Amino acid sequence: MNKYIKLVVAALFIGLGVYMMFFTRETGWGIVVFLLSAIPIALFFKNEFILLAFWQMRKQNTEKAGSWLKNITNYKVQLHKSQYGYFHYMEGLTLAQDNPAKVEPLMKKALEYGLNMKHDRAMANLNLAAVAISKGRKQEGQRLLEEAKKLDSAGMMTDQIKMMKDQLKMPSMQKHMHNPHMRQRGKFS
């Protein structure tokens, strides 16, 4: 649904509430209808599909969260600007398990558009660090881990950050480790 339709519905509720209070003398029902206009106004700023996706993510159900996000077909038309970052953030979280290659651009977009909560920015940086480490970009991964550590003021992600730092210390699997006790076999040995 277009975000401006919600404002039209809210205006209709407000108009109906005022009509009921002043013209029909149904003050109680007028107040109820007037208060109901707060729902479409709240949904203008916080999209219902993103709220439902967050609810499913809290229950660790990424499939249903992804299905709720699929209802948003054109995020620039359906969402308020403050929700663009969270749309990309939620998409990245739902794809993190199955499709880690698609996570990096989504998390970068989420950080570009902006995330309000510090722990959400920390989680986005942690996901970007995981992608950077898996692609062999250790310096970038280290920088992103430090930024995630700064943003994680509540200490919710300390275990994940420690585990990622331990992964950074491990030798890269791309470089073959040489055994010094093994004889070199060359063409002329």
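The values are calculated or read from the model by the stated rules, or taken from the named source; none is laboratory data. All figures in this text were calculated on a predicted structure; none of them were measured in a lab. When we count neighbours, we look across all protein chains shown, and the Cβ atoms used for this are built from the backbone with ideal geometry, even at glycine.
Return the residues of region 51-72 that are closer than 17 Å to Lys109 by Cβ and of a type in the set (Val, Ile, Thr); say none if nothing qualifies. Residue satisfying the conditions is Ile72 alone. The set of residues in region 20-75 that are in contact with a Gly (Cβ under 6 Å, 6 or more places away or on another chain) and β-branched (Val, Ile, Thr) contains only Val33.
For region 133-147, a residue qualifies if it is closer than 19 Å to Pro100 by Cα and either within 18 Å of the chain's Cα centre (by Cα) or not assigned by TED's automatic domain parsing to the domain that holds Leu106 (or both), and the qualifying residues are Leu144, Leu145.
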